[in-house]
Amino acid sequence: MAFELSTDQARYIARMRAAWPDADVRVHQRAWGVIVEVLRRGRTIAIVAFDAAGGVHRDAPLRRAA
């Protein structure tokens, strides 16, 4: 499956690259779209999913443990 990113999706990736210029950006293709993962020093620091309809689904921030 191949699809083009929407303008909003491409801008989202550009903002992620600007926020973490030294990080590695990886794209994982799925049947419903793609998952974009940002890694720094071997750890995932951000994940976002883009669907083929142009939607952006961000990960929810984790709360600190009590």
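Restricting segment 21-40 to residues that are among the acidic types (Asp, Glu) and open to solvent by 60 Å² or more (accessible area, probe 1.4 Å), which is nearest to HIS57 (Cα to Cα)?
Only one residue tops the list, namely ASP24.
The sole residue among ALA14, ALA18, ALA46 that is open to solvent by less than 70 Å² (accessible area, probe 1.4 Å), among the small types (Gly, Ala, Ser) and modelled with pLDDT of 90 or more is ALA14.
Pairs meeting the criteria (first residue in segment 1-23 and farther than 16 Å from VAL38 by Cβ, second residue open to solvent by 40 Å² or more (accessible area, probe 1.4 Å) and of a type in the set (A, V, I, L, M), beta carbons under 7 Å, at least 6 apart or on different chains) are MET1/ALA31; PHE3/ALA52; ASP8/VAL56. Restricting attention to segment 3-13, the residues being assigned to a helix (DSSP H, G or I) and more than 13 Å from VAL56 (Cβ to Cβ) number 0.
The values are calculated or read from the model by the stated rules, or taken from the named source; none is laboratory data. Because the structure is a prediction, the values reported are computed rather than measured. As a convention, Cβ positions derive from the backbone with ideal geometry for all residues, glycine included, and neighbour counts pool all protein chains shown. Quick note on the areas: whole protein, heavy atoms, side chains included, nothing else; ligands and nucleic acids left out. Shrake-Rupley method; radii C 1.70, N 1.55, O 1.52, S 1.80 Å.
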